[in-house]
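What follows is a set of notes on a single structure, which appears directly below.
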Amino acid sequence: MKLVEILKHETIQLSLDVKTKEECIQQMAEQMVKTGAVTNKEAYVQTVLEREQKGTTGVGFGVAIPHGKSDGVAAPALGFAKLAHPVDWQSLDGNPVSIVFLIAVPAEQAGNEHLQILAAIARKLIHEEFRNRLKEAKSPEEVLQVLETV
């Protein structure tokens, strides 16, 4: 699965102004509701926040990849946000987060689907050039072009 197949223009936010990871997840999930991928925002957000309590999804390099599998999700979806101000995410490297990928997967597709999405993102995040291109993207089209390489 290519990331650009599940990332929609509506779920790309280039200057998301939030103060906490919870607020970030809420606002990103709202965009997924608008596309129809998330049908029950409260149920989906709850699963994402429960996952956060098990361990941070702040993977380092200023990036977080929160994710959730829920009956409130109708179709696999990906959200992307560049934050207006870095947010403390209790990241593995201790640094605040400025780039967030939010993954939504229907509960019945929980196994392979979300692991493939996570792996595709994680493989690219280790490359500084990839992270820099995401940080420099000025439009949803540019974000999609960067992710086209994933």
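The values are calculated or read from the model by the stated rules, or taken from the named source; none is laboratory data. This one's a predicted model, so the numbers in the text were calculated from it and none came from an experiment. Here the Cβ positions follow ideal geometry from the backbone for every residue, glycine too, while neighbour counts run over all protein chains shown. Note: areas computed on protein heavy atoms with side chains; ligands, DNA, RNA excluded. Shrake-Rupley method; radii C 1.70, N 1.55, O 1.52, S 1.80 Å.
Could you list the trypsin sites (Lys or Arg not before Pro) in the stretch 74-150 that lie in coil according to DSSP, counting only those with at most 11 other Cβ atoms within 10 Å of their Cβ?
Qualifying residues, ordered by number: 138.
Which of the three applies to the stretch 63-150, rounded, prolate or oblate, going by the alpha-carbon gyration tensor with a ≥ b ≥ c and a/c under 1.5 meaning rounded? It would help to have the intermediate numbers written out before the result.
Numbers: a/c = 1.76, a/b = 1.42, b/c = 1.24.
In terms of gyration-tensor shape, prolate.
Put a dot 7 Å past each Cα toward the Cβ at residue 141 and residue 108; how far apart are the dots in nm?
In this crude spin-label approximation the distance works out to 3.8 nm.
Using only DSSP helix segments of four residues or longer, with each worth -39500 (n - 2.57), what per-residue ellipticity at 222 nm results for the chain after dividing by its residue count and rounding to 500? It would help to have the intermediate numbers written out before the result.
On the way: 5 runs with 60 residues, N = 150.
Value at 222 nm, helices only: -12500 deg cm²/dmol.
Of the residues 25, 12, 126, which exhibits the maximal mean-square fluctuation in a Gaussian network model of the chain defined by a 10 Å Cα contact cut-off?
Of 25, 12, 126, the Gaussian network model singles out 126 as fluctuating most.
Select one label from (1) 165; (2) 93; (3) 335: the one whose number is volume of the Cα convex hull per residue in Å³ as derived from the coordinates shown.
Of the listed options (1) 165; (2) 93; (3) 335, (2) comes from this structure.
Can you give the extra length, in nm with one decimal, that the chain gains between residue 92 and residue 119 once fully stretched, where that is 0.36 nm per residue apart less the Cα-Cα distance?
Separation in residues times 0.36 nm, less the Cα-Cα distance, equals 8.0 nm.
How much accessible area per residue does the chain have, counting only protein heavy atoms and a probe of 1.4 Å, in square angstrom?
48 Å²
Using the basic label-point model (7 angstrom from Cα toward the beta carbon), what is the residue 17 to residue 42 distance in nanometres?
2.8 nm
Where the accessible area of the chain is counted over protein heavy atoms with a 1.4 Å probe, how much of it, in %, is carbon and sulfur?
49 percent
Which whole-number percent is the relative contact order of the chain (Cα, under 8 Å, 6+ apart)?
Dividing the mean separation by the residue count of the chain yields 28 percent.
Which entries of 19/82; 69/135; 69/138; 54/82; 21/69; 8/69 show an alpha-carbon separation above 21 angstrom in the structure shown?
69/135; 69/138; 54/82
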